[in-house]
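The values are calculated or read from the model by the stated rules, or taken from the named source; none is laboratory data. Everything quoted here is computed from the prediction, not taken from an experiment. Cβ atoms come from the backbone with ideal geometry, glycine included; neighbour counts cover every protein chain shown.
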Amino acid sequence: MLAADPDADLEGALVDWRQFRRRKRVADIHWIDAFYQAYLTGILGLVAVAVASSAVGDDVATASQVREVLADGPAWLGGLAAFALALGLRSGSRGGPLALERAEVRHVLLAPVDRMSALLAPALRQLRFLGFVGLIVGGVAGDLASKRLPGATLAWIATGSLVGITGVGLSVGAALVAGGLRLPRWAGSLVGLLLIAGAVAHGVGLVDVSVTSVFGDLVLWPLRFSLAGLAPVALALVLVVAGLALLGRASLEAAERRSTLVGQLRFAATLQDLRTVIVLRRQLAMELPRIRPWVRLRVRGTGRWPVFVRGLRGLLRWPAARVARLGLLGVVAGVALRGAWTGTTPLVLLAGVAMFIAGLDAVEPLAQEVDHPSRRDASPMPAAAIHLLHLPVGLLTMLLAAGVGGAVAAGPGPGRLPADLAALLVVPLAAGGLGGALVSVLAGPVTMSEGWSLAPPEAQGMRLAVRTAWPPAVAVIGAAPVVMARAAVADGHTALAGAQPLVVGALVLLALISGWVRVRDDIAAWWKAQMALAQPNRDRTNDADV
Amino acid sequence: MPTSEPLLVAHEATKAYADLVALAPLSLTVPTGEMVALVGHNGSGKSTFLRLAAGLLELTDGEITVAGAPAGTSDARAALSFLPYEPVLYDDLSVREHLAYVAALHGVDASGDELDELIARVQLSHRADDLPARFSRGLRQKTSIALALVRPFELLLVDEPFVGLDATGKEALLGILDELHDDGAAIVVATHDPGFVERADRCVALRDGEVVHDGPATTADVLRLVST
């Protein structure tokens, strides 16, 4: 057995080896690849700036608009800080923000090397990168703000950069502290949620102050300098320093779980494989089905409707976190509907996206059939028929989520919807969310199938855009009747009469999607056969199923 | 040769994931120089126990110490080597670089000859300068075995070591384990191979996270313990 030198400098050896690996990696990168990456980043950055610039416009704000920004801005801009902190707390309570290589966890963190020293370098590297991104994004945002608001451009750019770095510091610092203190997951989510709720309550005027509004004071420095704006900067600094000091206390169990899943998660996100992202995210959050169901079904064996019963059993084993998330998405949809009802039309998008995300949970039993096709295909029943039989449980789940949204929309307070309209909207909300999720799960990520491999890049790009946008668009259609109802009331008609045509439209769309679920396999087989006929000289030895 | 000095001590060690108990309160002592076979059916808690002792998992309750230090602390990590079921390796390091890296992290100044000797023992001499990321499961397992042995330890924890190994690889590993045992290392091997218990000083059988047998055992005993 080899012997260790008790005086060996383990931390120094770690630094040397990390430098060796970095040199090796850099040597393996071809300059053409590096140049291409820089070129792509530059082009995408310019496009983003141009799009943001055109969205912001360059009309100078009137004096009353500036007064409004000064009055309401701190509350809403504080929401950004609340979001950054919530993101950090959530990440830290789940083992973040660092995502180390799995081999690094196994070989470095299991060696008798000081963990603080081992983790400091990756933490500083992450802070440096995100800080740089914050600096650039903040500076660009400041420049765009200077086009519309009074104040020197340089002051806006400098403030924007400071805001960007502060936001990163708050988020990463909160994550490091939460990870070091081993904050329970529920506590991280709860504190984050309270911060966001406080900022929103301040924004809509339910309360006079929120803890994050000082961040808004910092953002508005070029308009009105306030010493209070220094508070978030100081807090970010304190959080980062405290978080770095707590690095050595980070959980190895969480670090390893994270190291295993984050790499796969990024890869799946790159491929736009939403289903894989959802499954990995659940694993990362340790969202496991309950051992004991909420309610035990009194059905012997599979009963008369095995697919339905299987879906219901899955639903009754949902973990509390998923139930809470579905309720929360319903609340978000309800609040967004209130906003859309009172005139902020784009909030329909938020309501639709919330229902789409809820739908992705609601179609879980069907998604599992798609995940494990060999099990499904071993059944004598056609796959499409099994998929279709999963829809009732999905619809039931979505009606519950949309019901929460309807109740919130009709609840007391400013911007409430008429009760009959809110009740009517529950149906298209559920139908839209379910339809969008069905399309997303069954269509899967966009692949270069035979039929499209010869298409020109423009057509490929268009297909990619449509395939990506269509599922959430279906869900947004389900939320759109509220806008029609608002327009009808403005024209002197009843809200119900205005909403009804689009409610029917959303239901017809769900019926069409259900039909597509039933016949899509037949269409795919027909299309494949047509493509085979169109390419008669191709070797078809592997196409036994054609 | 086993001595009475306890090296690995588990006292009421428990691991639960929400309402799922992966390891019921488990108490176990492994003295210096003892080779223990840890057997049990799938999901019985073998791997969970080894990962808790290695410091990769955190205890829900109870205590585990390694060479007198709580599991996961620097002293415990220095005294323990863990050979996992699934080889975890870097993508960008060759076999030789892996060994040199891990040796350095444990304060071992291994010469080229010493590394070559270890590489030869796990039958990887012809692939020493290749990237294990491109190896088969069996060759990756051999790399992982070499990594577990390139640093000093008093206690070796081994999780399903024979999976993926060919017959000669398995024989070589058994020879290495016997040699380490003769040199006085304590070894705990979690395995589904009932024949291994014949080599061990002691067999600990787990069922649903609880110890159902602790003592000498034969292959037939293991088959009975695991199947009932």
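Is it the case that some residue within the stretch A:30-52 is among the small types (Gly, Ala, Ser) and within 12 Å of chain B (Cβ to nearest Cβ)? No: the stretch A:30-52 contains no residue that is among the small types (Gly, Ala, Ser) and within 12 Å of chain B (Cβ to nearest Cβ). Per the conditions (1) within 11 Å of chain A (Cβ to nearest Cβ); (2) in a loop (DSSP other than H, G, I, E, B); (3) of a type in the set (Ser, Thr, Tyr), the sole criterion not satisfied by residue B:44 is (1). The sole residue among B:136, B:94 that is of a type in the set (Gly, Ala, Ser), out of contact with any helix residue (DSSP H, G or I) (no Cβ under 9 Å at 6 or more places or on another chain) and on the phi < 0 side of the Ramachandran plot is B:136. Can you confirm whether the stretch B:193-207 contains a residue that is within 16 Å of the chain's Cα centre (by Cα), touching a residue at least 12 places away in the same chain (Cβ under 8 Å), part of a helix (DSSP H, G or I) and away from chain A (no Cβ under 14 Å)? The answer is yes, given that some residue of the stretch B:193-207 is within 16 Å of the chain's Cα centre (by Cα), touching a residue at least 12 places away in the same chain (Cβ under 8 Å), part of a helix (DSSP H, G or I) and away from chain A (no Cβ under 14 Å). The residue that is surrounded by the fewest Cβ atoms within 10 Å (Cβ to Cβ), counting only those in the stretch B:178-199 that are hydrophobic (A, V, I, L, M, F, W, C) and at pLDDT 90 or above, is B:180. Among the residues of the stretch A:1-47, write down those that are part of a helix (DSSP H, G or I) and exposed (fewer than 10 other Cβ atoms within 10 Å of the Cβ). The answer is A:26, A:27, A:28, A:31, A:32. Taken over the stretch B:47-72, the criterion of being over 14 Å from the mean Cα position of the chain (by Cα) and more than 9 Å from chain A (Cβ to nearest Cβ) is satisfied by B:59, B:60, B:61, B:62, B:63, B:64, B:65, B:67, B:68, B:69, B:70, B:71. For the stretch A:411-423, filtering for residues that are hydrophobic (A, V, I, L, M, F, W, C) and surrounded by fewer than 21 Cβ atoms within 10 Å (Cβ to Cβ) leaves 2.
If you go through the stretch A:115-148 and keep only what is among the hydrophobic types (A, V, I, L, M, F, W, C) and surrounded by fewer than 18 Cβ atoms within 10 Å (Cβ to Cβ), you end up with A:116, A:120, A:121, A:124, A:129, A:132, A:133, A:135, A:136. Taking the criterion of being within 13 Å of another protein chain (Cβ to nearest Cβ), surrounded by fewer than 20 Cβ atoms within 10 Å (Cβ to Cβ) and assigned to a strand (DSSP E or B), would at least one residue in the stretch B:21-29 satisfy it? So far as the stretch B:21-29 goes, yes, one or more of its residues are within 13 Å of another protein chain (Cβ to nearest Cβ), surrounded by fewer than 20 Cβ atoms within 10 Å (Cβ to Cβ) and assigned to a strand (DSSP E or B). The sole residue among A:67, A:90, A:115 that is within 14 Å of chain B (Cβ to nearest Cβ) and either within 30 Å of residue B:116 (Cα to Cα) or not aliphatic (A, V, I, L, M) (or both) is A:115.
Pairs meeting the criteria (first residue in the stretch B:21-45 and more than 21 Å from residue B:62 (Cα to Cα), second residue of a type in the set (Ser, Thr, Tyr), beta carbons under 6 Å, at least 6 apart or on different chains) are B:32/B:3; B:33/B:3.
Just one of the listed residues (A:309, A:331) is closer than 30 Å to residue A:94 by Cβ, surrounded by fewer than 22 Cβ atoms within 10 Å (Cβ to Cβ) and aliphatic (A, V, I, L, M), namely A:331. Just one residue in the set B:83, B:89, B:99, B:105 is more than 7 Å from chain A (Cβ to nearest Cβ) and farther than 20 Å from residue B:185 by Cα; that residue is B:99. Checked against the criterion of being surrounded by fewer than 15 Cβ atoms within 10 Å (Cβ to Cβ), at pLDDT 90 or above and under 21 Å from residue A:336 (Cα atoms), the candidates A:511, A:487, A:506 yield just one match: A:487. The single residue among B:95, B:150, B:163, B:158 that is more than 18 Å from residue A:256 (Cβ to Cβ) and touching a Pro at 6+ places or on another chain (Cβ under 7 Å) turns out to be B:95. Residue under question is residue B:92, and the condition is that it be surrounded by fewer than 18 Cβ atoms within 10 Å (Cβ to Cβ) and touching a residue at least 24 places away in the same chain (Cβ under 8 Å); does it hold? Judged against the criteria, residue B:92 is a match.
A quick yes/no check of all residues on (1) touching a strand residue (DSSP E or B) at 6+ places or on another chain (Cβ under 6 Å); (2) part of a helix (DSSP H, G or I); (3) without any contact (Cβ under 8 Å) to a residue 40 or more places away in the chain:
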site	(1), (2), (3)
A:369	no, yes, yes
A:374	no, yes, yes
A:380	no, no, yes
A:386	no, yes, no
A:405	no, yes, no
A:430	no, yes, no
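I'd like to verify a number: residues in the stretch A:169-186 that are under 20 Å from the mean Cα position of the chain (by Cα) and not β-branched (Val, Ile, Thr), how many? Here the count works out to 6. Checked against (1) within 14 Å of chain A (Cβ to nearest Cβ); (2) buried (at least 22 other Cβ atoms within 10 Å of the Cβ), residue B:140 passes all but a single condition, namely (2). The residue pairs whose first member lies in the stretch A:499-522 and is closer than 11 Å to residue A:484 by Cβ, whose second member is charged (D, E, K, R) and exposed (fewer than 13 other Cβ atoms within 10 Å of the Cβ), and whose beta carbons are closer than 9 Å, counting only pairs six or more residues apart or on different chains, do not exist in this structure. Scanning the stretch A:58-91 for residues that are assigned to a loop (DSSP other than H, G, I, E, B) and touching a helix residue (DSSP H, G or I) at 6+ places or on another chain (Cβ under 7 Å), we see that the one that is nearest to residue A:210 (Cα to Cα) is A:61. Taken together, A:199, A:242, A:158, A:174 contain a single residue that is surrounded by 21 or more Cβ atoms within 10 Å (Cβ to Cβ), more than 30 Å from residue A:414 (Cβ to Cβ) and not β-branched (Val, Ile, Thr), which is A:174. Quick test for you: out of A:311, A:243, A:263, pick the one residue that is assigned to a helix (DSSP H, G or I), modelled with pLDDT of 85 or more and over 30 Å from residue A:392 (Cα atoms). The unique qualifying residue is A:243.
Scanning the stretch A:95-112 for residues that are within 14 Å of another protein chain (Cβ to nearest Cβ) and outside any helix (DSSP H, G or I) gives A:95, A:100, A:101, A:108, A:109, A:110, A:111, A:112.
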